[in-house]
Number of protein chains: 2
Amino acid sequence: MPSHAHSHKKVIDLEAKSIELLKANGLSVTAPRKMILSLLLKEHGPFSAEEIFKKLPKYSCDQATVYRCLNQFVETQLVNTAYLEKELAHFEFNDPQHHHHHIICKLCKKIDSFHDCILDKIETNLLKKGYKDIQHRLEFFGVCETCQKA
Amino acid sequence: MPSHAHSHKKVIDLEAKSIELLKANGLSVTAPRKMILSLLLKEHGPFSAEEIFKKLPKYSCDQATVYRCLNQFVETQLVNTAYLEKELAHFEFNDPQHHHHHIICKLCKKIDSFHDCILDKIETNLLKKGYKDIQHRLEFFGVCETCQKA
DNA sequence: ATTACTTTGCAAGTAGTTTGCAAAAATATT
DNA sequence: AATATTTTTGCAAACTACTTGCAAAGTAAT
(Lines give C-alpha, C1' and ligand atoms only; values in the text may rest on other atoms or scores of the structure.)
Protein backbone atom coordinates (compact mmCIF):
# COMPACT_ATOMS: atom_id res chain seq x y z
CA MET A 1 0.00 0.00 0.00
CA PRO A 2 1.48 3.37 -1.01
CA SER A 3 2.16 5.77 1.83
CA HIS A 4 -0.12 8.55 0.56
CA ALA A 5 -3.05 6.13 0.70
CA HIS A 6 -2.07 5.28 4.22
CA SER A 7 -1.90 8.93 5.31
CA HIS A 8 -5.24 9.64 3.63
CA LYS A 9 -6.73 6.77 5.62
CA LYS A 10 -5.36 8.37 8.80
CA VAL A 11 -7.03 11.70 8.01
CA ILE A 12 -10.35 9.93 7.50
CA ASP A 13 -9.86 8.16 10.83
CA LEU A 14 -9.21 11.43 12.60
CA GLU A 15 -12.31 12.99 11.09
CA ALA A 16 -14.43 9.97 11.99
CA LYS A 17 -13.01 9.95 15.49
CA SER A 18 -13.70 13.70 15.86
CA ILE A 19 -17.31 13.31 14.77
CA GLU A 20 -17.78 10.48 17.21
CA LEU A 21 -16.27 12.49 20.07
CA LEU A 22 -18.35 15.58 19.28
CA LYS A 23 -21.58 13.59 19.24
CA ALA A 24 -20.64 11.71 22.40
CA ASN A 25 -20.22 15.05 24.13
CA GLY A 26 -23.47 16.57 22.90
CA LEU A 27 -21.85 19.04 20.49
CA SER A 28 -23.22 19.48 17.01
CA VAL A 29 -20.88 18.54 14.20
CA THR A 30 -19.57 21.59 12.35
CA ALA A 31 -16.61 22.09 10.05
CA PRO A 32 -14.53 24.21 12.47
CA ARG A 33 -15.10 21.82 15.37
CA LYS A 34 -14.08 18.84 13.26
CA MET A 35 -10.92 20.57 12.06
CA ILE A 36 -9.81 21.78 15.46
CA LEU A 37 -10.49 18.49 17.19
CA SER A 38 -8.76 16.50 14.43
CA LEU A 39 -5.73 18.72 14.81
CA LEU A 40 -5.60 18.15 18.54
CA LEU A 41 -5.97 14.41 18.00
CA LYS A 42 -3.14 14.39 15.48
CA GLU A 43 -0.64 16.65 17.25
CA HIS A 44 -0.03 16.39 20.95
CA GLY A 45 0.46 19.98 22.03
CA PRO A 46 -0.02 21.80 24.27
CA PHE A 47 -0.76 24.65 21.86
CA SER A 48 -1.99 28.18 22.37
CA ALA A 49 -5.20 29.24 20.62
CA GLU A 50 -3.14 31.27 18.18
CA GLU A 51 -0.89 28.31 17.34
CA ILE A 52 -3.96 26.21 16.67
CA PHE A 53 -5.48 28.91 14.48
CA LYS A 54 -2.29 29.12 12.42
CA LYS A 55 -2.04 25.37 12.03
CA LEU A 56 -5.54 25.18 10.51
CA PRO A 57 -5.86 25.40 6.71
CA LYS A 58 -6.18 29.07 5.65
CA TYR A 59 -9.67 30.62 5.95
CA SER A 60 -11.06 27.47 7.53
CA CYS A 61 -12.53 29.55 10.33
CA ASP A 62 -12.28 32.75 12.33
CA GLN A 63 -10.02 33.16 15.36
CA ALA A 64 -13.08 33.85 17.53
CA THR A 65 -14.44 30.47 16.49
CA VAL A 66 -11.22 28.81 17.59
CA TYR A 67 -11.64 30.33 21.05
CA ARG A 68 -15.31 29.37 21.20
CA CYS A 69 -14.62 25.78 20.17
CA LEU A 70 -11.72 25.38 22.55
CA ASN A 71 -13.81 26.64 25.44
CA GLN A 72 -16.55 24.19 24.60
CA PHE A 73 -14.02 21.37 24.43
CA VAL A 74 -12.69 22.37 27.83
CA GLU A 75 -16.21 22.47 29.29
CA THR A 76 -16.93 18.97 28.04
CA GLN A 77 -13.46 17.89 29.21
CA LEU A 78 -12.48 16.80 25.72
CA VAL A 79 -9.52 19.14 26.10
CA ASN A 80 -7.28 20.19 29.00
CA THR A 81 -5.74 23.58 29.60
CA ALA A 82 -2.33 24.44 30.96
CA TYR A 83 -1.28 27.92 31.98
CA LEU A 84 2.43 27.80 31.50
CA GLU A 85 3.25 31.33 30.51
CA LYS A 86 1.61 34.27 32.19
CA GLU A 87 -1.78 34.91 30.64
CA LEU A 88 -1.51 32.42 27.83
CA ALA A 89 -3.67 29.34 27.80
CA HIS A 90 -2.39 26.16 26.18
CA PHE A 91 -4.74 23.42 25.05
CA GLU A 92 -4.31 19.73 24.42
CA PHE A 93 -6.51 16.72 23.91
CA ASN A 94 -7.45 15.08 27.19
CA ASP A 95 -6.31 11.50 26.88
CA PRO A 96 -6.84 9.91 30.32
CA GLN A 97 -4.55 7.04 29.35
CA HIS A 98 -1.66 9.45 29.01
CA HIS A 99 -2.04 11.66 32.05
CA HIS A 100 1.01 13.90 32.24
CA HIS A 101 2.34 17.29 33.27
CA HIS A 102 4.59 19.91 31.73
CA ILE A 103 7.82 21.69 32.31
CA ILE A 104 8.52 24.95 30.54
CA CYS A 105 11.94 26.56 30.32
CA LYS A 106 11.82 29.92 32.09
CA LEU A 107 13.99 31.42 29.37
CA CYS A 108 13.22 29.91 25.96
CA LYS A 109 9.65 28.78 26.89
CA LYS A 110 10.14 25.36 25.33
CA ILE A 111 7.55 22.97 26.71
CA ASP A 112 8.42 19.39 27.60
CA SER A 113 6.16 16.80 29.22
CA PHE A 114 6.59 13.95 31.69
CA HIS A 115 4.45 11.22 33.18
CA ASP A 116 5.57 11.02 36.80
CA CYS A 117 3.03 12.16 39.28
CA ILE A 118 4.59 12.35 42.75
CA LEU A 119 6.25 15.62 43.51
CA ASP A 120 9.62 14.67 45.01
CA LYS A 121 10.19 11.99 42.41
CA ILE A 122 9.23 14.38 39.61
CA GLU A 123 11.69 16.99 40.76
CA THR A 124 14.51 14.43 41.03
CA ASN A 125 13.75 13.21 37.51
CA LEU A 126 13.72 16.73 36.12
CA LEU A 127 17.10 17.43 37.74
CA LYS A 128 18.42 14.26 36.11
CA LYS A 129 17.12 15.54 32.79
CA GLY A 130 19.34 18.61 33.25
CA TYR A 131 16.83 21.26 34.34
CA LYS A 132 18.02 23.79 36.92
CA ASP A 133 16.24 26.28 39.20
CA ILE A 134 13.02 24.28 39.29
CA GLN A 135 9.78 25.59 40.71
CA HIS A 136 6.27 24.25 40.41
CA ARG A 137 2.68 25.30 40.56
CA LEU A 138 0.04 22.91 41.78
CA GLU A 139 -3.55 23.99 41.85
CA PHE A 140 -6.78 22.16 42.47
CA PHE A 141 -10.25 22.97 41.22
CA GLY A 142 -13.49 21.57 42.59
CA VAL A 143 -16.99 22.43 43.65
CA CYS A 144 -17.23 23.43 47.32
CA GLU A 145 -19.96 22.23 49.67
CA THR A 146 -21.80 25.56 49.63
CA CYS A 147 -22.09 25.48 45.84
CA GLN A 148 -23.19 21.83 45.82
CA LYS A 149 -26.18 22.81 47.97
CA ALA A 150 -27.05 25.89 45.93
CA MET B 1 -1.52 47.85 77.47
CA PRO B 2 -4.53 49.09 75.43
CA SER B 3 -5.29 47.17 72.26
CA HIS B 4 -4.82 50.12 69.90
CA ALA B 5 -1.25 50.49 71.16
CA HIS B 6 -0.69 46.81 70.46
CA SER B 7 -2.03 47.07 66.93
CA HIS B 8 0.07 50.16 66.30
CA LYS B 9 3.12 48.20 67.39
CA LYS B 10 2.20 45.49 64.86
CA VAL B 11 2.01 48.04 62.05
CA ILE B 12 5.46 49.33 62.96
CA ASP B 13 6.77 45.77 62.94
CA LEU B 14 5.33 45.14 59.50
CA GLU B 15 6.87 48.31 58.15
CA ALA B 16 10.26 47.48 59.71
CA LYS B 17 10.06 43.94 58.36
CA SER B 18 9.14 45.24 54.89
CA ILE B 19 12.09 47.63 54.83
CA GLU B 20 14.41 44.86 55.89
CA LEU B 21 13.09 42.51 53.20
CA LEU B 22 13.30 45.16 50.47
CA LYS B 23 16.92 45.95 51.34
CA ALA B 24 17.84 42.28 51.62
CA ASN B 25 16.52 41.83 48.07
CA GLY B 26 18.30 44.82 46.59
CA LEU B 27 15.16 46.92 46.11
CA SER B 28 15.14 50.57 47.10
CA VAL B 29 12.72 51.51 49.85
CA THR B 30 9.77 53.50 48.52
CA ALA B 31 6.35 54.24 49.98
CA PRO B 32 4.38 52.03 47.54
CA ARG B 33 6.72 49.06 47.99
CA LYS B 34 6.52 49.33 51.76
CA MET B 35 2.72 49.51 51.72
CA ILE B 36 2.24 46.61 49.33
CA LEU B 37 4.72 44.35 51.07
CA SER B 38 3.30 45.19 54.52
CA LEU B 39 -0.14 44.30 53.25
CA LEU B 40 1.06 40.95 51.95
CA LEU B 41 2.83 40.26 55.23
CA LYS B 42 -0.31 41.09 57.19
CA GLU B 43 -2.93 39.30 55.09
CA HIS B 44 -2.30 35.86 53.68
CA GLY B 45 -3.93 36.02 50.29
CA PRO B 46 -3.65 34.99 47.55
CA PHE B 47 -4.91 38.31 46.16
CA SER B 48 -5.24 39.64 42.63
CA ALA B 49 -3.42 42.88 41.78
CA GLU B 50 -6.76 44.66 41.79
CA GLU B 51 -7.66 43.35 45.25
CA ILE B 52 -4.32 44.55 46.55
CA PHE B 53 -4.81 47.97 44.97
CA LYS B 54 -8.23 48.31 46.60
CA LYS B 55 -6.94 47.25 50.00
CA LEU B 56 -4.29 49.99 50.00
CA PRO B 57 -5.20 53.35 51.57
CA LYS B 58 -6.79 55.63 48.93
CA TYR B 59 -4.38 57.45 46.61
CA SER B 60 -1.39 55.69 48.12
CA CYS B 61 -0.23 54.75 44.63
CA ASP B 62 -1.24 54.08 41.04
CA GLN B 63 -2.49 50.72 39.80
CA ALA B 64 0.46 50.53 37.41
CA THR B 65 2.78 50.82 40.39
CA VAL B 66 1.04 47.91 42.07
CA TYR B 67 1.73 45.76 39.01
CA ARG B 68 5.34 46.94 38.79
CA CYS B 69 6.00 46.27 42.46
CA LEU B 70 4.36 42.87 42.40
CA ASN B 71 6.45 41.84 39.40
CA GLN B 72 9.61 42.91 41.18
CA PHE B 73 8.58 40.95 44.26
CA VAL B 74 7.97 37.89 42.10
CA GLU B 75 11.38 38.28 40.41
CA THR B 76 13.14 38.44 43.77
CA GLN B 77 10.96 35.55 44.98
CA LEU B 78 9.59 37.62 47.84
CA VAL B 79 6.15 36.79 46.45
CA ASN B 80 4.61 33.76 44.72
CA THR B 81 2.00 33.76 41.99
CA ALA B 82 -0.92 31.42 41.48
CA TYR B 83 -3.05 31.30 38.35
CA LEU B 84 -6.33 30.03 39.68
CA GLU B 85 -8.77 31.74 37.41
CA LYS B 86 -8.16 32.07 33.72
CA GLU B 87 -6.02 35.11 32.99
CA LEU B 88 -5.94 36.41 36.54
CA ALA B 89 -2.78 36.27 38.59
CA HIS B 90 -2.95 35.96 42.36
CA PHE B 91 -0.10 36.98 44.61
CA GLU B 92 0.95 36.06 48.11
CA PHE B 93 3.98 36.41 50.31
CA ASN B 94 6.43 33.56 49.84
CA ASP B 95 6.88 32.04 53.25
CA PRO B 96 8.99 28.90 52.75
CA GLN B 97 7.99 27.66 56.20
CA HIS B 98 4.38 27.50 55.13
CA HIS B 99 4.58 25.93 51.69
CA HIS B 100 1.05 25.20 50.52
CA HIS B 101 -1.27 24.93 47.54
CA HIS B 102 -4.75 26.15 46.71
CA ILE B 103 -8.14 24.89 45.78
CA ILE B 104 -10.62 27.21 44.11
CA CYS B 105 -14.32 26.49 43.80
CA LYS B 106 -15.19 26.24 40.10
CA LEU B 107 -18.44 28.09 40.76
CA CYS B 108 -18.04 30.73 43.48
CA LYS B 109 -14.24 31.09 43.00
CA LYS B 110 -13.61 30.97 46.73
CA ILE B 111 -9.96 30.10 47.36
CA ASP B 112 -8.93 27.74 50.14
CA SER B 113 -5.44 26.46 50.93
CA PHE B 114 -3.92 23.23 52.21
CA HIS B 115 -0.50 21.96 53.20
CA ASP B 116 -0.44 18.39 51.89
CA CYS B 117 1.94 17.82 49.07
CA ILE B 118 1.44 14.33 47.62
CA LEU B 119 -1.21 14.16 44.96
CA ASP B 120 -3.32 11.11 45.90
CA LYS B 121 -3.33 12.08 49.54
CA ILE B 122 -4.26 15.64 48.68
CA GLU B 123 -7.21 14.55 46.60
CA THR B 124 -8.46 12.21 49.33
CA ASN B 125 -8.21 15.03 51.85
CA LEU B 126 -10.07 17.44 49.61
CA LEU B 127 -12.86 14.90 49.13
CA LYS B 128 -13.07 14.56 52.92
CA LYS B 129 -13.38 18.34 53.12
CA GLY B 130 -16.49 18.06 50.91
CA TYR B 131 -15.19 19.17 47.52
CA LYS B 132 -16.62 17.41 44.47
CA ASP B 133 -15.54 17.17 40.83
CA ILE B 134 -11.88 17.78 41.61
CA GLN B 135 -9.26 18.48 38.97
CA HIS B 136 -5.73 19.78 39.33
CA ARG B 137 -3.05 21.59 37.45
CA LEU B 138 0.57 20.84 38.15
CA GLU B 139 3.21 22.69 36.24
CA PHE B 140 6.96 22.90 36.60
CA PHE B 141 9.26 25.72 35.60
CA GLY B 142 13.01 25.49 35.22
CA VAL B 143 15.95 26.41 33.05
CA CYS B 144 16.69 23.82 30.36
CA GLU B 145 20.20 22.61 29.47
CA THR B 146 20.34 24.63 26.25
CA CYS B 147 19.61 27.86 28.09
CA GLN B 148 22.14 27.06 30.84
CA LYS B 149 24.87 26.90 28.20
CA ALA B 150 23.77 30.11 26.42
C1' DA C 1 23.73 69.47 49.23
C1' DT C 2 24.47 67.95 44.81
C1' DT C 3 24.53 64.48 41.53
C1' DA C 4 23.25 60.19 39.53
C1' DC C 5 20.14 56.76 39.38
C1' DT C 6 15.53 54.72 40.23
C1' DT C 7 10.73 54.87 40.69
C1' DT C 8 6.31 56.90 40.07
C1' DG C 9 1.88 58.76 37.96
C1' DC C 10 -0.50 59.35 34.08
C1' DA C 11 -2.28 58.17 29.79
C1' DA C 12 -1.98 55.45 26.02
C1' DG C 13 -0.97 50.90 24.24
C1' DT C 14 -1.01 45.86 23.90
C1' DA C 15 -2.18 40.84 24.05
C1' DG C 16 -5.31 37.55 24.67
C1' DT C 17 -9.86 36.68 24.79
C1' DT C 18 -14.98 37.57 24.64
C1' DT C 19 -19.31 39.33 22.88
C1' DG C 20 -23.44 41.25 20.02
C1' DC C 21 -25.58 40.61 16.07
C1' DA C 22 -27.08 39.24 11.52
C1' DA C 23 -26.16 35.60 8.23
C1' DA C 24 -25.27 30.78 7.51
C1' DA C 25 -25.23 26.09 8.84
C1' DA C 26 -26.85 22.12 11.55
C1' DT C 27 -30.47 19.52 13.62
C1' DA C 28 -35.36 18.46 14.53
C1' DT C 29 -40.06 18.19 12.88
C1' DT C 30 -43.35 17.41 9.74
C1' DA D 1 -37.40 16.01 1.39
C1' DA D 2 -38.92 20.50 2.71
C1' DT D 3 -39.53 23.44 6.36
C1' DA D 4 -39.06 25.15 10.99
C1' DT D 5 -36.19 25.60 14.93
C1' DT D 6 -32.05 25.93 17.11
C1' DT D 7 -27.18 26.47 17.05
C1' DT D 8 -23.01 28.20 15.25
C1' DT D 9 -20.27 31.30 12.66
C1' DG D 10 -17.82 35.59 10.90
C1' DC D 11 -16.99 40.08 11.64
C1' DA D 12 -16.07 44.03 14.21
C1' DA D 13 -16.05 46.06 18.39
C1' DA D 14 -15.41 45.56 23.25
C1' DC D 15 -13.19 44.04 27.28
C1' DT D 16 -9.85 42.71 30.93
C1' DA D 17 -5.56 42.25 32.80
C1' DC D 18 -1.50 44.03 32.27
C1' DT D 19 2.54 46.86 30.28
C1' DT D 20 5.02 50.85 28.63
C1' DG D 21 6.91 55.71 27.40
C1' DC D 22 7.90 59.71 29.31
C1' DA D 23 8.39 63.67 32.32
C1' DA D 24 8.29 64.66 37.16
C1' DA D 25 9.32 63.17 41.79
C1' DG D 26 11.72 60.40 44.97
C1' DT D 27 15.82 57.69 46.64
C1' DA D 28 20.58 56.82 47.46
C1' DA D 29 25.48 57.72 46.92
C1' DT D 30 29.08 60.98 47.17
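The values are calculated or read from the model by the stated rules, or taken from the named source; none is laboratory data. Here the structure is a predicted model, which means the values were calculated and not measured. Every residue, glycine among them, receives a Cβ derived from its backbone with ideal geometry; neighbour counts consider all protein chains shown. Keep in mind that these areas ignore ligands, DNA and RNA; they rest on the heavy atoms of the full protein, side chains included. Shrake-Rupley method; radii C 1.70, N 1.55, O 1.52, S 1.80 Å.
Cβ-Cβ contacts under 9 Å between residues 6 or more apart (or on different chains), taken from a first residue in region B:103-125 that is open to solvent by 80 Å² or more (accessible area, probe 1.4 Å) to a second residue that is among the small types (Gly, Ala, Ser), are listed as B:Leu107/A:Ala150.
When region A:15-24 is limited to residues that are closer than 18 Å to A:Phe91 by Cα and more than 10 Å from DNA strand D (Cβ to nearest atom), the one that is most open to solvent (accessible area, probe 1.4 Å) turns out to be A:Leu21.
Please enumerate the residues belonging to region B:31-77 that are assigned to a loop (DSSP other than H, G, I, E, B), surrounded by 15 or more Cβ atoms within 10 Å (Cβ to Cβ) and within 11 Å of DNA strand D (Cβ to nearest atom). Across region B:31-77, the qualifying residue is only B:Cys61. Taking region B:27-49 as the range and being of a type in the set (S, T, N, Q) and under 12 Å from B:Lys17 (Cα atoms) as the test, only B:Ser38 passes. Taken together, A:His99, A:His90 contain a single residue that is away from DNA strand D (no atom under 16 Å from the Cβ) and surrounded by fewer than 13 Cβ atoms within 10 Å (Cβ to Cβ), which is A:His99. With respect to the conditions (1) under 24 Å from A:Thr81 (Cβ atoms); (2) in contact (Cβ under 8 Å) with a residue 12 or more places away in the chain, B:His44 lacks only one, and its number is (1).
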